[in-house]
Every structure is written in structure tokens, then in C-alpha cells.
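Take a look at the structure below.
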Amino acid sequence: MKQIQKRSSCGGTRRRVLGVLAAALVAAGGMLTGESAQAQPQGKLKIGLMLPYTGTYAALGTAITNGFKLAIAENGGKLGGREIEYFTVDDESDPAKAPENANKLVKRDQVDVLVGTVHSGVALAMAKIARDNNTLLIIPNAGADDITGPLCAANIFRTSFSNSQMGVAMGKVMAEQTKKTAVTFTWDYAAGKESTGGFKEAFEAGGGKVVKEMFLPFPQVEFQSYLTEIAALKPDVVYVFFAGGGAVKFVKDYAAAGLNKTIPLVGPGFLTDGTLDAQGDAAQGLLTTLHYGDGLNLPKNNAFRAAYMKTYATAPDVYAVGGYDAAQLLIVGMNAVKGDTSKRAELVKAMEGAKIDSPRGPLALNKGHNPIHDIYLRKVEGKENKVVSVAVKNLTDPPRGCKL
Ligand code: BEZ
């Protein structure tokens, strides 16, 4: 107090000079801050990749990562002019560990954008954390219907599909082929239930009947007793949802039981995408529905497949496409705000209106931020899922209570 009194008793001239100096310093500081802010808006953009790198969906997580990074590389390695720093977590496709894993990225690493995941149960937990923390989340695979339905949010986007879409498409195709009875079989979690549920809805609307719905816990692969039951039921067709390592085993077991000779096996394209090398002869001729196919003769797909092959020395699959398009969507948003993620409303608006040239064909988003796209009917020929026809054009989800 004494000191202050002493200073304030200093002469007027000295005080004015000091004041001018201080003002000049503040102004110079402001200019410097302004200049550096222009040169480098907000430092590196932190992206959290939460994906499975172990377990039955490990290959899917790797393909998504590859696809995402390929699109970023094609964009000069930056987003909205900003360098990128990746933070990666292996979610093991384990919903029980999902809140802790997502919080590592959101709270500990403070990522600007969360990208993930494959497994619907894990994605549902990620969506909750993204909503609670208002973190931007882009889902490159997991199809849980509710995420873009009743649980939709301004900060949550999906570039893949919703689970029921492929089931609906195949149910329609099988009813058109005048199949009368079907058995469905899947893992007992959101993806399987919604996929087989979509099949049942469309198949029965077309005049068919699902005579039995069978489930086993994820990620079990002891299929034998279920195959025995299918053989006894003798339906006209069997629709299953399995993916990754589980899909490889199921298709092989189905053929080994001789069922591929008597009862057609169909499913969403996850049954045969990224799995054909391992499934070999057992997969030949299988019909599946998906928003992607290997031989799609589109300029974007041809360029994407060539670049992916060159970079990773392996062919891309639907998971790589999901990752690639997640980055394409983010590029649109980040360009619109020139890298300034604090302009969230502008960023979201740009992503909502994005018209993406996807390897699958044109991709737009509905009100719940879920893809509107064509669903193809494909047939396995050799090592390819060849596109036979468009099963459903411009498929979009029915409104499921999304309030956006
Ligand atoms: C899912 O859990 O949503 C899912 C997993 C693998 C392939 C497709 C969907």
C-alpha cells in the first residue's frame, strides 16, 4: 500500500511517458498475437481415432484408419490449413470399456474431433460422451440406427450407413425373388438385431415370413448347433449379419456343413467385404446388399482404388470407404471455417450440406446426419463383390424421432 502511494505521488510527465510506453507495448503485443494467429490459427488439429485394432473387427479398424489418412494425404496432409496430430485408442470392440476409452481422447487428450468406431455398442457410448462434451464425432462405420434417429445431435455425423438399411434392401430383393420363408441369424447386439430386423420388415412386407430368428452372443463363433437347426428348418433363404473374423468363420462353416448347396445364404455386404481372401471357395456366388461394390466403374472409385492399392499394397473395402468419406466430410467442414473450429455452427452447417463424391457414388446426409445413398445387390465372383444391380436407389432412413 505504501509503495503504491509512493508511485502515485510521482511527477505527471514520468507517469505519462510510462503510460504511453505501456500502451505501445500492449498494442505491439496485440499485433504480434494477431499476426501469429493469422499464420497459424489454432495450432495442430487434434483428431482422436477410436477404433478396434485387436479382436474380430481388427482388420476393419485398420481399413478405416487407412482410408481416413489417405483422404487427408490427398488434401495435402492438412485440414482447413492446419497440421494434424493423431491420438489413437484401440477400443477392442468392447462396449464395457467404451466410456473410459472415449474419455481418454475427449478429456485427457482434449481432441477437437473424435472419429470412430466399428461396433454399434461402442459407438452408442461414444455418442453419449460426444453429446455430453459437445465434441464433434464422425462415425465411419458403426450403424446403430438410434444414433442418427432419436439420439441424433448437431455434433454427431455418420458417413457409413445405418444397420437396418442393408437388411431392408435384401428383404425387398428376396421377396421379389418370391422366396417364401427365411431364417435370420446374428450376434445379439444392436447391429445384428437392426440388420435382421430390417430384413424381416421388408421381407414380410413383400409377402415372405421369417420363421425363426436366432442369436448368439458377440463375438462367439460356435455356429454348429445353429447350422443343425437351419438344416432342419429348411427355409427358402438364410439372412445373417456377421462381419470381420466372424464372417469368415460363418461362411466357411456354412459351406462345410453342405448348406450352401441347398439353402441360399444372403446378408449385408459385411459378410463378404474384406473377407474373400480368407473365405475362398466357400463364398463363391453369395448375394449381399451394400452401399459399395468392388467393380463400381465410377471415376472417383477408380481413382480411390488405385491410390489405396498404391499406398497400402492391398485392395480397399467398404470400411476403407467409410474412413475415406469421414475425412472427406471433415475436409468440407474445416475448409468452410478455414480451420477455425470455434465457428462450430458454420462448420456443422457446411457438413450438413456436403455433397460428397464418394467411391460408392454420390453421398448426401439426411436431417439426422445419416447417409442417403444407393444400395447395391452384389454377387461374389472370385475375389470380388461384383455389383449386379441397384437394389434400392437413394435409400434414406425413415424419421426415427430425430429433433434436428
Ligand atoms: C456395427 O456394429 O454396427 C457393425 C460392425 C461391423 C460391420 C457393420 C456394422
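The values are calculated or read from the model by the stated rules, or taken from the named source; none is laboratory data. The structure displayed is predicted, hence computed values, not measured ones. Every residue, glycine among them, receives a Cβ derived from its backbone with ideal geometry; neighbour counts consider all protein chains shown. Each accessible area value is taken on the protein alone, full model and side chains, heavy atoms only, with ligands, DNA and RNA left out. Shrake-Rupley method; radii C 1.70, N 1.55, O 1.52, S 1.80 Å.
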How much accessible surface does Asp145 have with a 1.4 Å probe, in Å² rounded to 10? 10 Å²
To the nearest 10 degrees, how steep is helix 12-39 against the longest Cα principal axis of the chain, on a 0 to 90 scale? 20 degrees
Extension length gain for Glu201 and Arg108 (0.36 nm per residue less Cα distance), in nm, is 29.2 nm
Please work out how much length the chain gains when fully extended from Glu100 to Ser389, using 0.36 nm per residue of separation minus the C-alpha to C-alpha distance, in nm with one decimal. 99.7 nm
Dipole-positive endmost among Gln110, Ala144, Gly274 within the chain (Cβ charges, Cα centre): Gln110
To the nearest 10 degrees, how steep is helix 299-312 against the longest Cα principal axis of the chain, on a 0 to 90 scale? 80 degrees
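So for the range 315-385, averaging the separation of alpha carbon pairs under 8 Å that are six or more residues apart and normalising by length, what relative contact order in percent results?
Working: 58 pairs, mean separation 14.1, N = 71.
Normalised by residue count, the contact order of the range 315-385 is 20 percent.
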Give the shape of the range 183-268 as rounded, prolate or oblate, defined through the alpha-carbon gyration tensor: a ≥ b ≥ c are the square roots of its eigenvalues, a/c under 1.5 means rounded, and otherwise the shape is prolate if a/b is larger than b/c and oblate if not. oblate
Taking the Cα centre of the range 35-134 as the origin, how large is its charge dipole in debye, to the nearest 20, when only Lys and Arg (+1) and Asp and Glu (-1) carry charge on their Cβ atoms? 140 debye
Choose one answer from Leu233, Leu377, Leu286: the residue with the largest mean-square fluctuation in a GNM of the chain with alpha-carbon springs under 10 Å. Leu233
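For the range 282-339, report the accessible area per residue in Å² (1.4 Å probe, heavy atoms, rounded to an integer). Each step should come with its number before you reach the end.
Working: 1960 Å² over 58 residues.
Roughly 34 Å² per residue, with all protein chains present.
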Nothing charged except the Cβ atoms of Lys and Arg (+1) and of Asp and Glu (-1): what's the magnitude of the dipole of the range 265-404 about its Cα centre? Round to the nearest 20 debye. 520 debye
So the label point goes 7 Å from the Cα of Asp277 along Cα→C-beta, right? Which residues of the range 283-319 then have their backbone N under 20 Å from it? 283-285, 293-296, 304-319
Between the range 351-396 and the range 83-126, how far is it from one alpha carbon centroid to the other, in angstrom? 26 Å
Roughly what angle does helix 163-176 make with the longest principal axis of the chain, taking Cα atoms, 0 to 90 degrees, to the nearest 10? 30 degrees
Gained length - Gln284 relative to Ala306, 0.36 nm times residue gap less alpha-carbon distance: 5.4 nm
Can you work out the accessible area per residue across the range 107-258, with the rest of the protein chains kept in place, probe 1.4 Å, in square angstrom? 33 Å²
In the chain the accessible area split gives carbon plus sulfur, as whole percent at 1.4 Å, a share of 56 percent
